[in-house]
Amino acid sequence: MTTSTTTETTQFLTFQLAEELFALNIAKVREVLDFTTVTRVPRMPAFLRGVINLRGSVVPVVDLRRKFGMKETEQTVNTCIIITEVAVNGDATVLGCLADSVQEVLDLESGQISPPPKIGTKLRTDFIAGMGRRGERFIMILDIDKIFSAEELTAFDVAGQEPAAAA
């Protein structure tokens, strides 16, 4: 009789930001949309591009490039919005993330994922869940729940609400 070992495999949606390849756990991704008109919201952080109408719901759209200190995402034929669910303080917030392009859904075994790099104490890397390996290329696996602070997500909630009527 032979014994078989089971290897845990997780699916990730891979996407491009500039020249870098990132991934999100597929369980956090609701859908991927073609780029659409984004309505700007005044007085929001620079990485918040605005909001979109998603089947009657107001969904904030963030530019991950700007959040990560890169140049603003420019619209191309491949630009898309990844609709994801972010948890903060036990509540789920639906959020759109701009990506230069979506690549593929990728299966990675636990042995193909290394812990995030330790880069001193002043740089935040807690939003990196791990580094996936595919051939010679690294894929930064993001923990979407840790990219934004509770204060930032509260600002997103405010951005999606109508202003109260004047008394």
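The values are calculated or read from the model by the stated rules, or taken from the named source; none is laboratory data. Bear in mind that the values here come from a model prediction, so they are computed numbers and not experimental data. Note that each Cβ is placed from the backbone with ideal geometry, even for glycine, and that neighbours are counted across all protein chains shown.
Some points to look at:
- The residues of region 74-97 that are in a loop (DSSP other than H, G, I, E, B) and either closer than 14 Å to residue 32 by Cα or without any contact (Cβ under 8 Å) to a residue 40 or more places away in the chain (or both), listed by number, are 74, 76, 77, 78, 79, 90.
- Filtered by the rule that a residue be modelled with pLDDT of 90 or more and within 13 Å of residue 147 (Cα to Cα), region 69-85 gives 84, 85.
- Pick from region 37-71, criterion over 22 Å from residue 128 (Cβ atoms), free of Cβ contacts under 8 Å to residues at least 24 places away in the same chain and of a type in the set (D, E, K, R), ranking: surrounded by the fewest Cβ atoms within 10 Å (Cβ to Cβ): 55
- Among the residues of region 109-136, just one is surrounded by 12 or more Cβ atoms within 10 Å (Cβ to Cβ), at pLDDT 85 or above and hydroxyl-bearing (Ser, Thr, Tyr), namely 114.
- Considering residues of region 126-151 that are part of a strand (DSSP E or B) and among the small types (Gly, Ala, Ser) only, the residue farthest from the chain's Cα centre (by Cα): 132
- Odd one out for residue 71 among (1) touching a Phe, Trp or Tyr at 6+ places or on another chain (Cβ under 6 Å); (2) part of a loop (DSSP other than H, G, I, E, B); (3) not aromatic (Phe, Trp, Tyr): (1)
- Single match in 30, 49 (criterion: modelled with pLDDT of 95 or more, part of a strand (DSSP E or B) and among the basic types (Lys, Arg)): 30
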